[in-house]
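Values in this text are rule-based calculations from the coordinates and carry no lab data. Computed from a prediction, not measured in an experiment: that's the story for all the values here. Positions of Cβ are generated from backbone atoms using ideal geometry, with glycine treated the same way; all protein chains shown enter the neighbour counts.
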Amino acid sequence: MAVNPDPKPGRWILPLVILGMIAFTYFFVRELPEASTDTSLAAGPGGTTTTLGGGDGSTSSTQSQTSLDPETQAYLDTIDTINEELQVQRTELVTVNDSFDAEPREIEFDDAETRYEAVATGTQALADQLSGLTSPTALEGNHASLQAAVDLAAVSAEEALAGLRSTDTGERRNTAVDSYVQAATDFGTEVTNTHNAAEANA
């Protein structure tokens, strides 16, 4: 009777199958085309296209041609800057107001008053800056809407400060803060509308 030198010959089948799968996967992957490492981001309102470069971590930015005249572009850049600062002031006002209303209170009256005053002063400065800005003729309607929004924010900041200093239980102050938030939101929306109008009239 012949003796089988390996009592379990089937145990070699699985390793051979796995080895075959690995070899097949290796050669299959080698045949795939290499993926491009460049990613382009669509141009934004300013007409800038950003291209993210290859695997070395480098990036490059390509400025696309814009049809906006320098005067209009400068105006848009300025209202963008005003909008950014207005949104910072909005965040500060809401943060201070929420901290003052918290239970237990997270900020004392003197500190809250100082920060309210800073918001009121800063917002009025933004309103004055916009008022001194001459808009392109085609954007005069948008400019009027922007001015109305930032003026309302300035008035609301003063009203919130007055409410803080009053004997009111908080309704006056909170209503003014809500008004400021809405005004800042409307300003941001109108900035977008102004960009769109500028592009349409280019």
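What ranking of Phe100, Phe187 emerges when the number of other C-beta atoms within 10 Å of each C-beta is taken as an exposure proxy, fewest first?
Numbers: Phe100 21, Phe187 26.
In order of increasing Cβ crowding within 10 Å: Phe100, Phe187.
Using a Förster distance of 25 angstrom, determine the FRET efficiency expected from the C-beta separation of Glu113 and Thr91, and round it to 0.05.
0.85
Spin-label point model (7 Å from Cα, Cβ direction): what's the Thr134 to Glu84 distance in nm?
2.6
So for segment 70-201, what percent of the C-alpha to C-alpha distances run longer than 23 Å?
Values: 3005 of 8646 pairs.
Distances greater than 23 Å cover 35 percent of the Cα pairs.
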